[in-house]
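Right, one structure below, let's go through it.
The values are calculated or read from the model by the stated rules, or taken from the named source; none is laboratory data. Worth saying up front: this structure is predicted, and the values here are computed from it rather than measured. Backbone-built Cβ (ideal geometry, glycine too); neighbour counts: all protein chains shown. The accessibility values were calculated without ligands, DNA or RNA, using every heavy atom of the protein model including side chains. Shrake-Rupley method; radii C 1.70, N 1.55, O 1.52, S 1.80 Å.
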Amino acid sequence: NLWHMSSCSSSRLNWGELFNPESWPPKVKPYSARVIQIVKGSGEVKFSACKEIVGEGKLPTDPGVAESKKCYEKLALLLKIAVCARISTDASLSDLCRLSAVQGLFEWASIYEPTGNPINESRLIPWIQAYDIMKPVLTVQENMSLEKFARSLLSANNSFAQKRKLRNCNWTSWRLCIHSMLSTVLGDESSLKSSQELVEVHIEQNLMEDGASFDFLARDALHYHVYDLDALLTMAIHVPPAFLSPRSLTRIERAVAFLEPYFTGAAVHIEFANSPVAFDRRRREAGIEAYQNRPWPPAQARALLRKARVLFPSVEPWTASVADEQYDAMYKLTLSAMEGRLAAAPPTAAAAADDGRGACAASRAEECPMAGAPPGPDAGDPRPGA
């Protein structure tokens, strides 16, 4: 078994020591206090959802993109409120947070119509996380209703993949990230086993032996290398420890290390210079900063590398600059609660066995539909003040 099946009311994603105050690492207490402070300062919150999320394949000027953002951007606050419901020592505040979090969870469950599009529905990862956190304090009826919605997300995820025949790019990385997290939260061991098998095949095809990703080679952009890895790392830190094989962890570690010369300034990469994708050109012509033919900005990888430090001690020497306070409080809280709990588990790239089988880097970019959204969220938007 990938994990010991717990009761239906247990949180199943990995949260490190977040819900074990007696075992909190030093930084968890001040970060948790900051999250509670943000929740108190938000006042009475009424969450609103939308029937669909628009983003993939659309320019930021598309009215649907702005409307969708108004809906999903508050999911970062929903996640904080869910944490408040579990960790606040103030019983009255905890009760208020529980009611607010339940309202937010049900708002999305009653209005949103799942499509399975992994780029758009990566925006719902905070909902998945909040549901997992809230499970121990939900009534049986509340849990049953929310589980029905979570299963509809999982079903749409499977249907979309079958319909679109997703290949070895960031779409599949995000699709499997969502699939594995939903399977874990639902305690669906059969679904999680299926996800595990798909992930093992995908990582061999998506990440090359030298650390380059299919997306980097297909788009000629570190922007998409980071975007792809964000999905894989989000999955790696939240699913059961045995989910990823040593070989897959090694490939992810190498892909993170691939960024080192560009992050440290030893090398420069001009973004999208040779991308064959028409939508990349449209975004460049529309003046979107991230898609201009300019040197890749290392700051774009800060949140990813901060996450990678939790899993891979090998990256610590060259990523010391990202270990600062310039992140959202929820991002700092969740990662600090995992610190030391995950880092010893994965093998280093040098120690792990890898048979060297990788996808052919010559695969055409057209083989995979290309996303038009910026990196998806995890544990709330990691940017300060989000």
Q) For the chain, rounded, prolate or oblate, judged on the Cα gyration tensor with a ≥ b ≥ c (square roots of eigenvalues), a/c < 1.5 rounded, else prolate if a/b > b/c? A) rounded
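What number comes out for accessible area per residue over the chain if the probe is 1.4 Å? Units Å², please.
41
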Q | Length-normalised contact order for the range 187-320 - Cα pairs under 8 Å, 6+ apart - percent | A | 27
Q) Quick one: Karplus J couplings for the range 250-267, per residue in order, coefficients 6.51, -1.76, 1.60, θ = phi - 60°, nearest Hz, x for Gly and Pro? A) 4, 5, 5, 4, 5, 5, 5, 4, 4, 6, 3, x, 6, 6, 7, x, 5, 9
**Q.** Anisotropy class of the range 170-250 from Cα gyration tensor, a/c 1.5 cut
**A.** prolate
Q) Say each of GLN292 and GLU22 gets a label point 7 Å from the Cα, pointing the same way as Cα to Cβ; how far apart are those two points in nm? A) 5.6
Q. Calculated FRET efficiency, GLU142 and ALA66, Cβ-Cβ r, R0 41 Å, to nearest 0.05?
A. 0.80
Q: At 0.36 nm per residue, minus the direct Cα-Cα distance, what do GLU189 and GLN37 gain on full extension? Give it in nm, one decimal, please.
A: 51.0 nm
Q: State the percentage of accessible surface on the chain attributable to carbon and sulfur atoms; use a 1.4 Å probe and exclude ligands, DNA and RNA.
A: 53
Q.
Give me the extension gain from ASP95 to SER110: residue separation times 0.36 nm, minus the current Cα-Cα distance, reported in nm with one decimal.
A. 3.2 nm
Q) Can you give the percent of C-alpha pairs in the range 53-153 whose distance is more than 17 Å? A) 52
Q: Could you size up the charge dipole of the chain around its Cα centre, putting +1 on the beta carbon of Lys and Arg and -1 on that of Asp and Glu, and report it in debye to the nearest 20?
A: 480
Q) Are there trypsin sites (Lys or Arg not before Pro) in the range 27-111 that DSSP marks as loop and that have at most 15 other Cβ atoms within 10 Å, and which are they? A) LYS27, LYS46, LYS51
Q. Which of the lysines could a cross-linker span from LYS332 if the Cα-Cα distance has to be under 29 Å and same-chain partners fewer than 8 positions apart are dropped?
A. LYS27, LYS29, LYS40, LYS46, LYS69, LYS70, LYS74, LYS80, LYS135, LYS307
Q. What residues have an amide H closer than 5 Å to that of PHE19, excluding those fewer than 5 places away on the same chain, when H is modeled at 1.01 Å from N in the peptide plane?
A. none
